[in-house]
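To start, the structure itself, in structure tokens.
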Amino acid sequence: MITKALLEDIPALTTLINSAYRGESSKKGWTTEAHLLEGKRTDEQEMTEIFLDSKNTILKFTENDTIIGSVLLVEKGHQLYLGMLTVSPELQNSGIGKKLLAAAEDHAKSLGLSSIIMTVISVREELVAWYKRHGYVDTGKREAFPESEIHTTVSEVPLEFVYLEKSIA
């Protein structure tokens, strides 16, 4: 079931997101960034800040009272920014991500927005291809991957974001 996440979901969401993106647990799934980045993907402070901004919505996918997927949606002008699409590593490739993408599109439509945009690390070619199969197109825009206290780059290749966009009819 997909519903809006609540403040009390922050600990579970933080654990889920970190397990899917970084560290050994993430290697069970196909969307890991562990070979590119070390450290945490997020922390409870960042998640709290996300929740406190009224332009942000986090949707959660729950099964048997456990959060197994989530996505961050941010209103940006006439567009919806989609970030941190997360599925538990053991359950990736089971259709949960597709359902969260559809829920994001429904959310964008409910707000009257014209498109969904996102950034994906360019060297994650299989992930870029997955989004393209779901109607997203490469806008040609690129941006250097930001350095921060949370993320430590371990990639020998300089990282950059690719901007993808999908028009919402």
Those residues that are among the acidic types (Asp, Glu) and within 25 Å of Glu46 (Cβ to Cβ), I need them from the range 136-150; list them, please. Glu143, Glu147, Glu149
Would you point out which residue out of Gln45, Gln79 is open to solvent by 30 Å² or more (accessible area, probe 1.4 Å), touching a helix residue (DSSP H, G or I) at 6+ places or on another chain (Cβ under 9 Å) and at pLDDT 90 or above? Gln79
So which residues in the range 75-121 are part of a strand (DSSP E or B) and under 11 Å from the mean Cα position of the chain (by Cα), if there are any at all? Tyr81, Leu82, Gly83, Met84, Leu85, Thr86, Val87, Met118, Thr119, Val120
Criterion violated by Asn56 - all others in (1) touching a residue at least 24 places away in the same chain (Cβ under 8 Å); (2) closer than 24 Å to Thr14 by Cα; (3) among the polar types (S, T, N, Q); (4) surrounded by fewer than 17 Cβ atoms within 10 Å (Cβ to Cβ) satisfied: (1)
If I filter the range 51-74 down to residues being more than 26 Å from Glu90 (Cα to Cα) and not small (Gly, Ala, Ser), which single residue comes out as nearest to the chain's Cα centre (by Cα)? Val74
Does the range 122-135 contain any residue that is in a loop (DSSP other than H, G, I, E, B), touching a strand residue (DSSP E or B) at 6+ places or on another chain (Cβ under 7 Å), within 26 Å of Asp43 (Cβ to Cβ) and at pLDDT below 85? no
Taking the range 38-74 on its own, how many of its residues are more than 21 Å from Ala108 (Cβ to Cβ) and assigned to a strand (DSSP E or B)? 7
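The values are calculated or read from the model by the stated rules, or taken from the named source; none is laboratory data. Source: prediction; values computed, not measured. Positions of Cβ are generated from backbone atoms using ideal geometry, with glycine treated the same way; all protein chains shown enter the neighbour counts. Only protein heavy atoms, including side chains, enter the accessible area calculation; ligands, DNA and RNA are left aside. Shrake-Rupley method; radii C 1.70, N 1.55, O 1.52, S 1.80 Å.
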